[in-house]
């Protein structure tokens, strides 16, 4: 039997530390372990709002593939540039890996959102199918004209890990947030909410890149200083593997003030570590974090977020224990990465056959 062959296209290097890239990286490595021949294309240029170099890179890559080739394209690399897909979709078997619609990005204008919605709708039409990372996103893209039979849901995997140990005895509760410092992740909301509970004992560790939107990152750091919280909120940059695992194991709870998530891998990782969660109802978050394991408030509301933090930190201590136990129970039913890779392989095979 011949080896299954697949091309996989992503914007820029595959080893970037965001949820979407980590997901894609697991799928590429896992398919290769299953015996697939996978060729990765790191596309040049600026995405998701493609510049001339990005459009040329995507067009040249698709043009180089022979008729009938199966290729998965990350949504960030195609949603803003439908023309190359419209040109080559009739002869290639293209699958979109859609982590979340581009039109849902925080910080863009209504006109930009409408433009992304139309361009992504056009880009999805020539695709043989679409893989999404949550049932919520599957429902969302129904408005993009994608029929249900062309969509497969493949949840991200979650490692089976021991429960978090928390900070050492006598130390204040440690709140952990894992996300890039971009507008959608809501760090400005988180800082304002933490200022509202400054009378309580806590420290907060934030792990994520400050380079994806430097101006926004600077504004978040300025807000920390304005509230006098420099000694209590620490930004440690990107973490992966053992270093990230140590942060989860040392935490008391997980906090994420995101405006929108297509799934929320960091949230699932928090649940796997048995951490109670304070987050929002943005996007797929209520599907990822059950109400039994987290306190969820409307996105963009620092007062409500602060109230949830106070409930977690100052009210009956049994609240944290109850949420933590529910987190572990829920995480036990989540797929492992091996499960997700197998499901991804089946989805690609079905959609490109």
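The values are calculated or read from the model by the stated rules, or taken from the named source; none is laboratory data. Because the structure is a prediction, the values reported are computed rather than measured. We place every Cβ from the backbone using ideal geometry, glycine too, and count neighbours over all the protein chains shown.
Couple of notes before you dig in:
- Residue 316 meets each of the listed conditions (1) within 22 Å of the chain's Cα centre (by Cα); (2) assigned to a loop (DSSP other than H, G, I, E, B) apart from (1).
- Odd one out for residue 251 among (1) in a loop (DSSP other than H, G, I, E, B); (2) surrounded by fewer than 19 Cβ atoms within 10 Å (Cβ to Cβ): (2)
- Failed item in (1) in contact with a strand residue (DSSP E or B) (Cβ under 7 Å, 6 or more places away or on another chain); (2) assigned to a loop (DSSP other than H, G, I, E, B); (3) surrounded by 20 or more Cβ atoms within 10 Å (Cβ to Cβ), with residue 239 passing the rest: (3)
- Looking only at region 192-207, and only at residues there that are touching a residue at least 40 places away in the same chain (Cβ under 8 Å) and touching a strand residue (DSSP E or B) at 6+ places or on another chain (Cβ under 7 Å), the one that is surrounded by the most Cβ atoms within 10 Å (Cβ to Cβ): 194
- Residue match in region 107-118 (condition: closer than 23 Å to residue 28 by Cα, at pLDDT below 95 and part of a loop (DSSP other than H, G, I, E, B)): no
- Any hit, region 308-317, residues being closer than 12 Å to residue 257 by Cα and buried (at least 20 other Cβ atoms within 10 Å of the Cβ): yes
- Out of 295, 309, 275, one residue alone is modelled with pLDDT of 95 or more, in a loop (DSSP other than H, G, I, E, B) and over 15 Å from the mean Cα position of the chain (by Cα). It is 275.
- Which listed residue, of 93, 55, 117, is in contact (Cβ under 8 Å) with a residue 24 or more places away in the chain, closer than 30 Å to residue 282 by Cβ and either assigned by TED's automatic domain parsing to the domain that holds residue 347 or in contact with a strand residue (DSSP E or B) (Cβ under 7 Å, 6 or more places away or on another chain) (or both): 117
- Condition broken by residue 43, with the remaining ones in (1) surrounded by fewer than 19 Cβ atoms within 10 Å (Cβ to Cβ); (2) modelled with pLDDT of 95 or more; (3) closer than 30 Å to residue 216 by Cβ; (4) touching a helix residue (DSSP H, G or I) at 6+ places or on another chain (Cβ under 7 Å) satisfied: (1)
- Pick from region 318-331, criterion without any contact (Cβ under 8 Å) to a residue 40 or more places away in the chain and closer than 22 Å to residue 157 by Cβ, ranking: surrounded by the fewest Cβ atoms within 10 Å (Cβ to Cβ): 329
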